[in-house]
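Right, one structure below, let's go through it.
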Amino acid sequence: MTPGNPFAIVNDSYSTASIQGQAPRITSLLIKPASAVCNLDCSYCFYLDRDADPYKELPARLMTNDTLERLVDNYLFYSYPASTFAFQGGEPTLAGLPFFQKLVDLQQRHGRNGQSVSNALQTNGVLLDKDWGQLFREYKFLIGISLDGPEEVNDLYRFNKAGHGTWKNVMRGVEAMQKEKVDFNVLCVLSQSNVHKPREIYKFYRSLGIDYMQFIPLAEFDAEGKPFPFTITPEEYGRFMCEIFDLWWPERRRIRVRFFDNLAEAIAGQKPGSCTMHETCDSYVVVEYNGDVYPCDFFVESSWKLGNVNLDSFPELARRQKRYSFAVKKTLAHPECQVCEFQTICHGGCPKTRHGMHKQFEDLDYFCQAYKMIFTKAVGPLRKDVEKLLGRSAELAPHSISPY
């Protein structure tokens with residue numbers, strides 16, 4: 001498992017339904033068919049020793065076929081004409097290949113004429129082989145593979161239950177996907193193993209023929225608010241992404257870096273793929289292995305449970321007051337955000353790295369300094385590119401601070 005929500009949440013325009021007290025639609029699902037269970041033992045895993053995990057004491061957690069069918073049937077009916085299913089974990093491939101074969105069978109059975117269905121899966125890659133590749137290619141899955149860089153970099157924190165490095169197994173998975181011509185991207189967790197090596201990391205991915213990259217900054221703290229040794233500083237993150245921007249800019253027509261894609265979307269007035277840049281936290285929901293539903297993967301806690309797909313319809317889940325309460329938490333702007341020129345891009349950042357994580361940064365995103373560094377570097381050039389594509393000015397919208 002790697003931190004963050006790696007998949008683009010499909011939505012064409014900004015929705016202010018949450019701020020207006022209405023029930024915004026659920027535009028995507030993040031499904032955890034094996035819950036937080038994983039076949040690796042990475043040092044920085046968000047789920048390790050997480051006391052708030054309501055399923056922590058359960059030894060085996062796999063979604064049943066009955067729950068899967070209920071989920072697919074209800075969501076296809078609710079989300080017509082475009083339905084997005086994303087699978088994460090833990091490690092979702094632990095649910096087994098037959099589970100995902102059953103998934104596409106159910107989608108074909110319960111889908112309606114003219115319905116568009118897309119599937120995405122984030123994996124550590126160690127179980128991927130020809131059979132997985134054939135399924136992914138046939139049904140056009142978008143795959144994200146966690147790979148933090150060259151072997152000595154990746155294996156500093158990413159190892160299996162026996163304490164051995166995982167790089168060789170992941171590379172076999174990458175090669176299997178390339179051989180089967182599966183669309184995939186690489187998700188890189190930025191830790192102390194790689195944050196000072198942007199040029200090396202970028203060139204490594206390019207040498208593998210990787211043309212779509214995601215970089216997720218690592219920020220985990222102990223009970224006293226002290227950063228774990230692998231946590232990076234905001235300045236380190238900002239410097240890394242600024243150098244990645246310089247490396248990427250000459251190749252931007254061919255190479256995709258998700259952060260910069262999302263930034264360009266925001267400049268163009270579209271809703272960015274990353275929920276971190278959304279105005280409110282309500283674009284997707286998490287579905288646990290037993291059907292329990294939560295508003296965010298970082299808040300799979302009993303206090304935030306919205307319901308269960310075996311008992312509740314998606315319109316009911318969307319209307320839950322608890323979902324609305326979670327969504328508007330992000331609109332409570334820190335005083336610094338209210339006067340920031342980039343407020344309409346980042347909207348205060350991510351609640352995980354804002355609320356109560358670190359006393360020094362109470363209600364101010366831990367990575368605020370990094371965002372300002374990156375935006376200062378990238379917004380100007382990206383705006384010019386966007387304006388050329390749009391044929392019009394792409395000025396950022398005025399500040400829009402919610403009254404909540």
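The values are calculated or read from the model by the stated rules, or taken from the named source; none is laboratory data. Model, not experiment: these values are computed from the prediction. Here the Cβ positions follow ideal geometry from the backbone for every residue, glycine too, while neighbour counts run over all protein chains shown. All accessible areas refer to the heavy atoms of the entire protein, side chains included, with ligands and DNA or RNA removed. Shrake-Rupley method; radii C 1.70, N 1.55, O 1.52, S 1.80 Å.
Residue count for segment 167-212 under the criterion of being open to solvent by 60 Å² or more (accessible area, probe 1.4 Å) and under 21 Å from Asn39 (Cβ atoms): the result is 3.
Note on segment 288-303: residues that are touching a residue at least 60 places away in the same chain (Cβ under 8 Å) and in a helix (DSSP H, G or I) amount to 3. Taking Thr280, is it within 18 Å of the chain's Cα centre (by Cα), of a type in the set (Val, Ile, Thr), assigned to a loop (DSSP other than H, G, I, E, B) and farther than 21 Å from Phe215 by Cα? So Thr280 passes the test. Only one of these is aromatic (Phe, Trp, Tyr), out of contact with any helix residue (DSSP H, G or I) (no Cβ under 7 Å at 6 or more places or on another chain) and surrounded by 14 or more Cβ atoms within 10 Å (Cβ to Cβ): Tyr78, Tyr55. Name it. Of Tyr78, Tyr55, the one residue that is aromatic (Phe, Trp, Tyr), out of contact with any helix residue (DSSP H, G or I) (no Cβ under 7 Å at 6 or more places or on another chain) and surrounded by 14 or more Cβ atoms within 10 Å (Cβ to Cβ) is Tyr55. Sub-9 Å Cβ pairs linking a first residue in segment 82-106 that is under 18 Å from Arg61 (Cα atoms) and at pLDDT below 95 to a second residue that is of a type in the set (Val, Ile, Thr) and surrounded by fewer than 23 Cβ atoms within 10 Å (Cβ to Cβ), at least 6 apart or interchain, are Gly89/Val37; Gly90/Val37, ordered by first then second residue. Close Cβ contacts (under 9 Å, 6 or more residues apart or on different chains) running from residues in segment 147-164 that are in contact (Cβ under 8 Å) with a residue 60 or more places away in the chain to residues that are in a helix (DSSP H, G or I) comprise Arg158/Trp167; Arg158/Val170; Asn160/Asn169. Scanning segment 329-343 for residues that are surrounded by fewer than 17 Cβ atoms within 10 Å (Cβ to Cβ) and either modelled with pLDDT under 90 or not hydrophobic (A, V, I, L, M, F, W, C) (or both) returns Leu332, Pro335, Glu336, Gln338, Glu341.
When we screen Asp49, Asp41 for residues that are open to solvent by 50 Å² or more (accessible area, probe 1.4 Å), more than 28 Å from Glu316 (Cβ to Cβ) and either touching a His at 6+ places or on another chain (Cβ under 9 Å) or at pLDDT below 70 (or both), the only hit is Asp49. Can you find even one residue in segment 303-320 that is open to solvent by 20 Å² or more (accessible area, probe 1.4 Å), under 19 Å from His278 (Cβ atoms) and out of contact with any strand residue (DSSP E or B) (no Cβ under 8 Å at 6 or more places or on another chain)? Checked segment 303-320: no residue is open to solvent by 20 Å² or more (accessible area, probe 1.4 Å), under 19 Å from His278 (Cβ atoms) and out of contact with any strand residue (DSSP E or B) (no Cβ under 8 Å at 6 or more places or on another chain). Please list, ordered by first then second residue, the pairs with beta carbon atoms under 8 Å, 6 or more apart or interchain, first in segment 54-70 and closer than 24 Å to Ser303 by Cβ, second open to solvent by 70 Å² or more (accessible area, probe 1.4 Å) and modelled with pLDDT under 95. Between residues of segment 54-70 that are closer than 24 Å to Ser303 by Cβ and residues that are open to solvent by 70 Å² or more (accessible area, probe 1.4 Å) and modelled with pLDDT under 95, the close pairs are Pro54/Ser302.
Can you find even one residue in segment 76-89 that is of a type in the set (A, V, I, L, M, F, W, C) and touching a His at 6+ places or on another chain (Cβ under 9 Å)? Yes, that holds for at least one residue. Within segment 147-163, being open to solvent by 70 Å² or more (accessible area, probe 1.4 Å) and either under 19 Å from Val186 (Cβ atoms) or part of a helix (DSSP H, G or I) (or both) holds for Glu152, Leu156.
Cβ separations smaller than 6 Å between residues 6+ apart or across chains give the following pairs from segment 206-226 residues that are under 18 Å from Gln122 (Cβ atoms) to residues that are assigned to a strand (DSSP E or B) and open to solvent by 30 Å² or more (accessible area, probe 1.4 Å): Tyr212/Arg256. Which of the residues belonging to segment 222-257 are more than 13 Å from Phe367 (Cβ to Cβ), open to solvent by 20 Å² or more (accessible area, probe 1.4 Å) and in a helix (DSSP H, G or I)? Within segment 222-257, Cys242, Glu243, Asp246, Leu247, Trp249, Pro250, Glu251 meet the criteria. Residues in segment 117-132 that are part of a helix (DSSP H, G or I) and crowded, with 23+ Cβ neighbours inside 10 Å: 1 in all.
The single condition among (1) modelled with pLDDT under 95; (2) of a type outside the set (D, E, K, R); (3) surrounded by fewer than 20 Cβ atoms within 10 Å (Cβ to Cβ) that Ala219 does not meet is (3).
So which residues in segment 358-404 are polar (S, T, N, Q) and at pLDDT below 65, if there are any at all?
The answer is Gln360, Ser400, Ser402.
Being of a type outside the set (Gly, Ala, Ser) and modelled with pLDDT under 95 holds for only one residue in Pro315, Pro234, Pro250, Pro227, and it is Pro227. Each residue in segment 134-146 was checked for being surrounded by 21 or more Cβ atoms within 10 Å (Cβ to Cβ) and in contact (Cβ under 8 Å) with a residue 60 or more places away in the chain, and 2 pass.
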